[in-house]
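Enquirer: Encoded as structure tokens, here's the structure I'll be asking about.
The values are calculated or read from the model by the stated rules, or taken from the named source; none is laboratory data. Computed from a predicted structure; not experimentally measured. Note: areas computed on protein heavy atoms with side chains; ligands, DNA, RNA excluded. Shrake-Rupley method; radii C 1.70, N 1.55, O 1.52, S 1.80 Å.
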Amino acid sequence: MKILRPLHNLLLIVSALFFLAAFLTLKKTLDINLYDTIYIVPFSRIFMVCAVFLSLLWLLYTFTYHRLFSQKLYKIHVIGSALLFIIIIAGSLWNNQFIEHYTSYNQLQKMQLATEIGNGIAIASILLTSIQLLYPLNLIIGLFKTKKR
């Protein structure tokens, strides 16, 4: 596909989808319970933050693409970032709906499913954080390799 010729255009496409999704989720919120405090965050803000982050990544790749060391690290970072952002946001957005739909009235099943989905989101968040380290690593090695030539 010509649109994805430089693979980092995938980041811009996912960013545009998140930007559009921000307007579709204006009334939905994410409730975060930490001990005795409840934080209520609108999903539209979460989508906007993700869209801005992915757009910045796209911009960085646009200017530094020719300086990167490894195409494999580049592909892993771009595809992994896009997929993990989608998995984390989708898991958070539909968490309550999945739980209500599949467990009906059984409280134990609700708690187990909520824990499993929460663990999945936590694992995806850790993976996303670790994948973000690939870009600076790839760029720094690429800059040092081009200086020696």
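Enquirer: Return an integer: the convex hull volume of the alpha-carbon atoms of the chain, in Å³ per residue.
Expert: Details: hull volume 20.5 nm³, N = 149.
Per residue, the Cα convex hull of the chain comes to 138 Å³.
Enquirer: Something else now. How large a share of the accessible area of the chain, in percent, is made up of carbon and sulfur atoms when the probe is 1.4 Å and the other protein chains stay in place? Write down the numbers at each step before the final one.
Expert: Numbers: 7190 of 10290 Å².
Here carbon and sulfur together make up 70 percent of the probe-accessible area.
Enquirer: Across the stretch 1-82, how large is the tail of the calculated P(r) beyond 18 Å, expressed as a percent of all Cα pairs?
Expert: On the way: 1726 of 3321 pairs.
Distances greater than 18 Å cover 52 percent of the Cα pairs.
Enquirer: In deg cm²/dmol and to the nearest 500, what is the mean residue ellipticity at 222 nm of the chain if only DSSP H runs of at least 4 residues count, each as -39500 (n - 2.57), divided by the residue total? List each step's numbers first, then the result.
Expert: Working: 6 runs with 110 residues, N = 149.
Computed mean residue ellipticity for the chain: -25000 deg cm²/dmol.
Enquirer: Using amide H atoms built in the peptide plane, which far-off residues or other-chain residues are under 5 Å from LEU30 H to H?
Expert: Here the answer is VAL41, PHE43, since their amide H atoms fall under 5 Å of that of LEU30.
Enquirer: Residue by residue, what Karplus-based ³J(HN,Hα) values in Hz, rounded to whole numbers, does the stretch 73-86 have, using 6.51, -1.76 and 1.60 with θ = phi - 60° and x for Gly and Pro?
Expert: Calculated HN-Hα couplings, in order: 4, 4, 5, 4, 5, 5, 5, x, 4, 4, 5, 5, 4, 5 Hz.
Enquirer: Related question: Find the accessible area per residue for the chain; the probe is 1.4 Å, ligands and nucleic acids are left out, and the unit is Å². Before the final figure, lay out each step's value.
Expert: Values: 10290 Å² over 149 residues.
So the chain comes to 69 Å² accessible per residue, rounded to a whole number.
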